1. Somewhere in the range 148-158, is a residue touching a residue at least 12 places away in the same chain (Cβ under 8 Å), within 27 Å of Y48 (Cβ to Cβ) and charged (D, E, K, R)?
2. Between a residue in the range 14-32 that is farther than 17 Å from E43 by Cβ and any residue that is open to solvent by less than 80 Å² (accessible area, probe 1.4 Å) and modelled with pLDDT of 85 or more, which pairs come within a Cβ distance under 8 Å, given they are 6 or more apart or on different chains?
3. Residues to consider are L226, L149, L232, L163; find the one that is closer than 26 Å to E124 by Cα and at pLDDT below 90.
4. Out of all the residues in the range 213-220, is one or more in a helix (DSSP H, G or I), open to solvent by less than 10 Å² (accessible area, probe 1.4 Å) and of a type in the set (V, I, T)?
5. Picking from R185, R143, which residue would you name as being part of a loop (DSSP other than H, G, I, E, B), in contact (Cβ under 8 Å) with a residue 24 or more places away in the chain and more than 16 Å from the chain's Cα centre (by Cα)?
6. Mind listing whichever residues of the range 7-57 are under 20 Å from H215 (Cα atoms) and outside any helix (DSSP H, G or I)?
7. Looking at the range 175-199, which of its residues are buried (at least 17 other Cβ atoms within 10 Å of the Cβ) and of a type in the set (A, V, I, L, M, F, W, C)?
8. Against the condition buried (at least 21 other Cβ atoms within 10 Å of the Cβ), β-branched (V, I, T) and not in a loop (DSSP other than H, G, I, E, B), how does V209 come out, does it pass?
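The values are calculated or read from the model by the stated rules, or taken from the named source; none is laboratory data. No experiment lies behind these values; they were computed from the predicted model shown. Cβ placement follows ideal geometry from the backbone for every residue including glycine, while neighbour counts extend to all protein chains displayed. Just so you know, the surface numbers come from the protein's heavy atoms only, side chains and all, with ligands and any DNA or RNA stripped out. Shrake-Rupley method; radii C 1.70, N 1.55, O 1.52, S 1.80 Å.
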Amino acid sequence: FPMFLGAAVLIQVRETLLSYEFNECILLFSDMPDVDIDKVIREAMKMYQITPMTLTYRRHSYYHQENELLPPKPCAGGEKYTYTFSKTFLAEHIDSFPPTAQLKDDVCGRIFIQDLAKLLRYQESVRRRGGSTSSTIVVVDIRSPEVFLVGHLPDSINVPISLDLVTSDGQPTSSEVQILLKHRRKRDSLTVVIGPNHGAVNKFCGTLVALHFLHVATVHGGTSALSQAGMLSASEKLR
């Protein structure tokens, strides 16, 4: 959380920093600038709640983060997204996370599957109890409709990568795209893209960023990892 407090301070003094030279910026922070502390805390909380834990994960950190990467525990109302992951699977999933040099080629950050499960479980739990969350998680599956029906995350949106999202005049090309586009330019909405291969997912993320989606992430291992973890379920049409 302290990292988000720092980011919130930078956001508040952004215009001043952009108008200064480097040395002036250093002097500015040597004598803490005047900031609205209440606003800083509110902004930090928003960023903290919408940012998946994986994006702040440091593999070689001096402190032990294993507990932060555990699967979500059962909670009232969140049974739909409560899964049991084996320790072996989790260890392999975390150890296979790509090095920094490879991550630099990604348009958006990658998150672990247990991180996604935690976010979805919390959101569902609050909704089932009649509350509302300060952030919204939207999962977009870019596989073909036929494959999507065989197995997908509950409540995910199917938008095949072969489909153009908008027409030449900016109109959505399907009802699913229309639902998705409601979340662009929203600071409290996180869009998570999943698919069969990272190249296609990365390309789709680039499209979303170009359409002004502010928070976009992908799942490490894609739908293969989700299937291996038992997180995908068949459509009711096929049951």
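1. Looking through the range 148-158, at least one residue is touching a residue at least 12 places away in the same chain (Cβ under 8 Å), within 27 Å of Y48 (Cβ to Cβ) and charged (D, E, K, R).
2. C25/L17; L28/V13; L28/T16; L28/L17
3. Within the list L226, L149, L232, L163, the selection yields L232.
4. no
5. Criteria check complete, one pass: R143.
6. Within the range 7-57, T51, P52, Y57 meet the criteria.
7. V177, L180, L181, L190, V192, V193, I194
8. no
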